[in-house]
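The values are calculated or read from the model by the stated rules, or taken from the named source; none is laboratory data. All of these numbers come straight from a predicted model, not from anything done at the bench. Every residue, glycine among them, receives a Cβ derived from its backbone with ideal geometry; neighbour counts consider all protein chains shown.
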Amino acid sequence: MSWIVVRARSNVGVERTIRETMSHLNLSKVNHAVIIPENEQYRGMLQKAKDYVTWGNADAETVEAMLQERGRMSGDSPLTDGIVSDATSYKSISDFAKAIVDNEAVVKDVPGLKRVFRLHPPRGAQGWGGIKRSYVVGGALGSRGDDIKGLVERMI
């Protein structure tokens, strides 16, 4: 299983150790997203930065949409099926997305693919839903579980 992590708040007034943790996650700006494998090291990093990011379980459809719509190579060219098939053993972006979700591959397996997905702010009347409160009380921060799919769809 993998997680999709989206940064919701900026660096203003953030403690140094939390700022460094978000840097290690490659989340340098608001509305940036990364796909990370589910393991104890990343779980600790997410708990450290829980007041500034939101995350949830990745599914193949959402990861595929992120790779197709917002995946960028060095030089800002879009990711294509041809690039994925040349650089990996996977024939298409869809196969690569399924492998990422199953922890068989990671985003950096494609040389030159940027690990950060630059997303739009959430569209719709709800927006973020409050960036100072936890998701369980109606805000935007912390773990969302499977509900991350709806947020990412509104941001792509």
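General remarks:
- Selection count where residues are surrounded by fewer than 20 Cβ atoms within 10 Å (Cβ to Cβ) and either under 12 Å from the mean Cα position of the chain (by Cα) or within 15 Å of Arg115 (Cβ to Cβ) (or both), scope region 47-64: 2
- Check on Ile131, under 18 Å from Leu27 (Cα atoms) and either at pLDDT below 95 or part of a helix (DSSP H, G or I) (or both): yes
- For Tyr42, the test of being without any contact (Cβ under 8 Å) to a residue 60 or more places away in the chain, touching a Phe, Trp or Tyr at 6+ places or on another chain (Cβ under 9 Å) and either part of a helix (DSSP H, G or I) or under 30 Å from Val14 (Cβ atoms) (or both) is passed.
- Selection within region 45-60 - touching a Ser or Thr at 6+ places or on another chain (Cβ under 9 Å) and part of a helix (DSSP H, G or I): Met45, Leu46, Lys48, Ala60
- Residues in region 12-60 that are closer than 23 Å to Gly71 by Cα, in contact with a Leu (Cβ under 8 Å, 6 or more places away or on another chain) and among the basic types (Lys, Arg): none.
- In region 134-154, of all residues being assigned to a loop (DSSP other than H, G, I, E, B) and at pLDDT below 90, the one that is farthest from the chain's Cα centre (by Cα) corresponds to Gly138.
- Unique match (being in contact (Cβ under 8 Å) with a residue 12 or more places away in the chain, in a loop (DSSP other than H, G, I, E, B) and surrounded by 14 or more Cβ atoms within 10 Å (Cβ to Cβ)) among Val30, Val5: Val30
- Summed over region 69-112, residues that are surrounded by fewer than 12 Cβ atoms within 10 Å (Cβ to Cβ) and either in contact with a Leu (Cβ under 6 Å, 6 or more places away or on another chain) or in a helix (DSSP H, G or I) (or both) total 3.
- Within region 123-151, residues that are under 18 Å from Gln47 (Cβ atoms) reach no partner that is of a type in the set (Phe, Trp, Tyr) and exposed (fewer than 12 other Cβ atoms within 10 Å of the Cβ) with beta carbons closer than 9 Å at six or more positions or on different chains.
- Output for region 58-93, where each listed residue is within 29 Å of Gly145 (Cβ to Cβ), in contact with a Pro (Cβ under 9 Å, 6 or more places away or on another chain) and not charged (D, E, K, R): Gln68, Gly71
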